[in-house]
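**Q** Dumping the structure here so I can ask a few things about it.
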Amino acid sequence: MLKITHLSKNYANGTAALKNFTLQINDGEAVAIVGGSGSGKSTLLRLIAGLETPTSGAIHIDGELITEPHPAIGFVFQEPRLLPWLKVGENVAFGLTDISAADRKERVRRALLSVGLATHADKWPRELSGGMAQRVALARALVSRPSALLLDEPFSALDALTRANLQDHLVSLWEETNTTLILVTHDIEEALVIADRIIVLRPNPGRIDDIISVSLPRPRDRDANAFEEIKHILRSALDHSITKPEDAWA
């Protein structure tokens, strides 16, 4: 279980990125975070990952306080960030230093198999398409078997068809591994395809404005009427979070 309690983050330049953010995310849950510019979405992920320190409040995973990067938490960034001097398999294995060579090889094999790249271990990053590179980044995050996986707009740079395919693939992986997913996205449809709950943030500073539960059966049909109906609800909630008068928060 991931528990975020009264979390606030202020930067040295005076920017208040988050204010009094409290949320509990259950094991195996898929949660999407959406919000306008300045709502602190990426800051929230970096705090959960232990890459930044909160000004106040706390984050716990399974009762353990997060103060630095934690082995139970994986991270997939907006871009693959593969090391060009390492082959695909070596990129996936990067950081697996505390297990035997045989175990490391088997984990890499399974991770690449899970993202459909079992035959690509000996390729160089430059030989991959954008979608394939992001699959490698996903394999690298999963190879350490994290209990929670953070994704910061991981498919935003891809074309629409590749993005939809990877969204569906991520859902399949999530169903197989029961990993907790926390996804930051600007894509309303992506949030609806992936998440059990969608957290709508109010910007400047980031605060929770609404929480929308998504009970549609999986796999989710993007063309179904029910999908379109909840997409409209989410879009309205997002518009409301951006335009809500400041005095309404008093």
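The values are calculated or read from the model by the stated rules, or taken from the named source; none is laboratory data. Only a predicted model underlies this, so the values are computations on that prediction, with no experimental measurement involved. Backbone-built Cβ (ideal geometry, glycine too); neighbour counts: all protein chains shown. Side chains are part of the model used for accessible areas, which takes the heavy atoms of the whole protein and leaves out ligands, DNA and RNA. Shrake-Rupley method; radii C 1.70, N 1.55, O 1.52, S 1.80 Å.
**Q** Which distance in Å, rounded to a whole number, links the C-alpha centroids of segment 1-56 and segment 83-162?
**A** Answer, in whole Å: 26.
**Q** Separate question: Add -39500 (n - 2.57) for each DSSP H run of 4 or more in the chain, then divide by its residues: what number comes out at 222 nm, to the nearest 500 deg cm²/dmol?
**A** Numbers: 7 runs with 85 residues, N = 250.
Here the helix-only value at 222 nm equals -10500 deg cm²/dmol.
**Q** Okay, moving on. Can you pull the one-decimal nm distance between simple spin-label points at Thr97 and Tyr11, each 7 Å off the Cα toward Cβ?
**A** Reported label-point gap for Thr97 and Tyr11 is 3.1 nm.
**Q** Something else about it: Pairs of lysines 8 or more apart, or on different chains, with alpha carbons under 13 Å: count those in segment 1-127, would you?
**A** Lysine pairs, 8 or more places apart or on different chains, close enough: 4.
**Q** Around Asn178, under 12 Å between beta carbons, what's the net of Lys plus Arg minus Asp minus Glu among the other residues?
**A** Details: positive: Arg145; negative: Asp27, Glu29, Glu175, Glu176.
Result for the local shell: -3.
**Q** For segment 142-159, in order, what is each residue's ³J(HN,Hα) by Karplus, 6.51 cos²θ - 1.76 cosθ + 1.60 with θ = phi - 60°, in whole Hz (x at glycine and Pro)?
**A** 7, 5, 7, 6, x, 7, 9, 10, 9, 10, 9, 6, x, 10, 5, 8, 9, 5
**Q** May I ask you to give the percent of accessible area on segment 57-150 that is carbon plus sulfur, with a probe radius of 1.4 Å?
**A** Ligands and nucleic acids excluded, carbon and sulfur reach 54 percent.
**Q** For the chain, what is the accessible area per residue in Å² when the probe is 1.4 Å? Walk me through the intermediate numbers first.
**A** On the way: 12130 Å² over 250 residues.
For the chain, the solvent-accessible area averages 49 Å² per residue.
**Q** Tell me whether segment 52-95 comes out rounded, prolate or oblate; compute the Cα gyration tensor, take square roots of the eigenvalues as a ≥ b ≥ c, and use a/c under 1.5 as the rounded threshold. Walk me through the numbers on the way to the answer.
**A** Details: a/c = 3.70, a/b = 2.32, b/c = 1.59.
Judged from the Cα gyration tensor, segment 52-95 comes out prolate (a/c at least 1.5, a/b above b/c).
**Q** Next up: Just to make sure I understand: if all protein chains stay in place, what is the order of Trp124, Trp174 by accessible area at 1.4 Å, largest first?
**A** These residues rank, largest area first, as Trp124, Trp174.
**Q** Amide H neighbours of Asp210 under 5 Å, at least 5 residues apart or on other chains, H built in the peptide plane: list them.
**A** For Asp210, whose amide H was placed from the backbone, the distant partners under 5 Å are Val200.
**Q** Right, something else. Please give the solvent-accessible surface of Asp98 in Å², to the nearest 10, using a probe radius of 1.4 Å with every protein chain present.
**A** Accessible surface of Asp98 is approximately 130 Å².
**Q** OK, next. What net charge do the residues around Ala141 carry, taking every other residue with its C-beta under 14 Å from that of Ala141, with Lys and Arg at +1 and Asp and Glu at -1?
**A** +4
**Q** Could you pull out the trypsin sites (Lys or Arg not before Pro) across segment 41-133 that fall in loop regions by DSSP (anything but H, G, I, E, B) with no more than 16 other Cβ atoms inside 10 Å?
**A** Loop-located and lightly packed - Arg81, Lys123.
**Q** What does the charge add up to near Leu44, with Lys and Arg as +1, Asp and Glu as -1, over the other residues with Cβ less than 12 Å from its Cβ?
**A** With Lys, Arg at +1 and Asp, Glu at -1, the neighbours total +3.
**Q** Quick query: amide H of Val76 versus all other amide H atoms, modeled in the peptide plane; which residues come in under 5 Å with a sequence gap of 5 or more or a different chain?
**A** Leu150, Leu151, Asp152
**Q** Which one, (i) 29, 20, 18; (ii) 31, 22, 16; (iii) 28, 23, 18, gives semi-axes √(5λ) of the Cα gyration tensor in Å as derived from the coordinates shown?
**A** (ii)
**Q** Can you work out ³J(HN,Hα) from phi for every residue in segment 123-130, in order, using Karplus 6.51 cos²θ - 1.76 cosθ + 1.60 and θ = phi - 60°, giving whole Hz and x for Gly and Pro?
**A** 8, 8, x, 5, 8, 9, 6, x
**Q** I need the phi-derived Karplus couplings for segment 182-190: 6.51 cos²θ - 1.76 cosθ + 1.60, θ = phi - 60°, integer Hz, Gly and Pro marked x.
**A** Whole-Hz 3J(HN,Hα) from phi for segment 182-190: 10, 10, 9, 8, 9, 8, 4, 5, 4.
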